[in-house]
Structure formats: C-alpha cells, structure tokens
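These notes are about the structure you will find just below.
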Amino acid sequence: MLGHYRLVLRSIAKAVGVTHPAILKQFGSQTGFLAALAARQWERANERLQAVGDDVLSVAMADIGFAIEHPSEFRLMYDHEIWFFATSTHKVGSPREQLALRLLEEARNRNYLHVMATFKRDHDPLTVRLVAALVTGLSFEFVNERLYQGDAKQQLKHAKQLLQMALKLR
C-alpha cells in the first residue's frame, strides 16, 4: 500500500544519472529524501489552495481534491514515520536531514495556517476544528477507497455533498 517504503535510493540514483552517495550527500538518508519529497507535495497542495477562492467549501474541496487526484503523494505527506522522525530526531539528524525536515514542517504549517485562516473568517473555533478534521478524515477515506469508490469526479461530487451537509449542521 505504501510504495515509498519500497523506494530504493540506488534505483533513483541510477534513473536520474547520479551516484547513490550523491543522493545521500544531498538528503542525508532515505528518510531525508522522503521528507524532501513530502515537503514538495505540501508545497503543491499549498499552490492549489492559493489558486482557489477563499471560502470554506472551495478550500476544503481543494484539499480533498488534491488527496483524490494524488493519493500516493497524500499518503507520503501524512506518513507517520516521517513525522515521527521529524519530531524525535529533528536536532539529531545530519544537517541535510534537518534541512529537509525543517522544509517539511514549514510547508505543512503554511498549509495549515491558510486553511485555518480561511475557516476562521466564516466560523467559530469549534467549527473550524471540526471542518479541518472532517477534511483530513474524508481525504483519507477517499484515498483508501473506504468511503466511496468511483472515479475522481464522482468522489469529488460526493465529498462536496458531505461537506455541504456538515456545514449546514453547525
């Protein structure tokens, strides 16, 4: 299910025409490499958020849409082992690992702050937390195909209906 655990840096090095030590020098370790990849995915998600309107439904749908359209990247962004590494060894890893992990944290924080600022304009703090948790939970349910199976367009339509129902309940 999580293909990035089968990732082999030597294969990547060969595919891009560099040596394995060159990748290690750049990222410090496989975890540093994955953290850099996850940071890039957070940046892509942030770019998507910046491109949509600033109402709650548009921002929520942009987040869920990113997850549905890029499930592997979404899983990597929320990978618990990378985040455990980021929080437990942030000061211990190599300078390259520390840089990748810092970039990952900064990208995730930018996403979180944008989403929260958008939600807070229209809702009370409890609703903000509820909608943020709902968006993340729905994203995982769609990515893992537990909630609704179908093509991306159908999944997005279903997600929008669920979000609209939740926002009416407040």
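Before moving on, here are some points about what is shown:
- Leading residue by the ranking (most open to solvent (accessible area, probe 1.4 Å)) among those in segment 105-115 that are among the aliphatic types (A, V, I, L, M) and out of contact with any Lys or Arg (no Cβ under 9 Å at 6 or more places or on another chain): LEU113
- Qualifying residue in segment 72-86 (condition: of a type in the set (Phe, Trp, Tyr), at pLDDT 85 or above, closer than 15 Å to SER139 by Cβ and touching a Ser or Thr at 6+ places or on another chain (Cβ under 9 Å)): yes
- Restricted to segment 123-146, and to residues there that are over 13 Å from PHE74 (Cβ atoms) and open to solvent by less than 70 Å² (accessible area, probe 1.4 Å), the residue that is modelled with the lowest pLDDT is HIS123.
- In segment 73-85, the residues that are under 18 Å from ARG96 (Cβ atoms) form Cβ pairs under 8 Å with partners that are hydrophobic (A, V, I, L, M, F, W, C), at six or more places apart or across chains, as follows: ILE82/LEU34; ILE82/ALA35; ILE82/ALA38; ILE82/LEU76; ILE82/LEU104; PHE85/ALA35; PHE85/LEU101.
- Selection from segment 147-170 of residues that are in a helix (DSSP H, G or I), open to solvent by 60 Å² or more (accessible area, probe 1.4 Å) and touching a residue at least 40 places away in the same chain (Cβ under 8 Å): LYS160, GLN164
- Restricting attention to segment 56-79 and to residues that are closer than 14 Å to LEU134 by Cβ and over 9 Å from the mean Cα position of the chain (by Cα), the residue that is surrounded by the fewest Cβ atoms within 10 Å (Cβ to Cβ) turns out to be LEU57.
- Residue check for ALA38: assigned to a helix (DSSP H, G or I) and open to solvent by less than 40 Å² (accessible area, probe 1.4 Å): yes
The values are calculated or read from the model by the stated rules, or taken from the named source; none is laboratory data. This is a predicted model, so every value here is computed, not measured. Every residue, glycine as well, gets a Cβ built from its backbone with ideal geometry; the counts of neighbours run over all protein chains shown. To get the accessible areas, we keep the full protein, side chains included, count just its heavy atoms, and leave off ligands, DNA and RNA. Shrake-Rupley method; radii C 1.70, N 1.55, O 1.52, S 1.80 Å.
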